[in-house]
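What follows is a single structure, written as structure tokens, with notes after it.
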């Protein structure tokens, strides 16, 4: 399998994709945990709320660090954009189902 080499000229585009779209994806995934976690959205007291709030940062960092594995910045933007669309659509479906 032959692919194009990773180049530093794509780093700005990849970094901005990870920064912007990675944050949105982290918010959506933490929202999933809030709705699907123990006792639903209203359960768990202050501890669950605090955990969900702090869950955003490691998820965002994970996406931001993995975004540099894409071959180009266009691929990073497209894949992360699609992941955001799917994640927020699933989150909206969870919210509609619950309430």
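Read-outs: derived from the displayed coordinates by stated rules, not from any lab. Keep in mind it's a predicted model, so treat the numbers as computed, not measured. For neighbour counting, all protein chains shown are included, and Cβ atoms are generated from backbone atoms with ideal geometry for every residue, glycine included.
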At residue 95 and residue 61, where each label point lies 7 Å from the Cα along Cα→Cβ, what is the point-to-point distance in nanometres? 2.8 nm
C-alpha long axis of helix 73-98 to longest principal axis of the chain, angle in °: 10 degrees
Kindly express, to the nearest 10 degrees and within the range 0 to 90, the angle between helix 45-66's C-alpha long axis and the longest C-alpha principal axis of the chain. 10 degrees
Take peptides 43-49, 85-91, 17-23 and line them up by average Cβ neighbours within 10 Å, highest first, as a rough protection proxy. 17-23, 85-91, 43-49
Quick one: length gained pulling residue 11 to residue 50 fully straight, 0.36 nm per residue minus the C-alpha distance? 10.7 nm
Do you know the relative contact order of the chain, to the nearest whole percent, from alpha carbon pairs under 8 angstrom that are 6+ apart? 47 percent
What is the extension gain from residue 71 to residue 86, computed as 0.36 nm multiplied by their sequence separation minus the C-alpha to C-alpha distance, in nm to one decimal? 3.2 nm
Convex hull volume of the Cα atoms in the chain, per residue, in Å³? 100 Å³
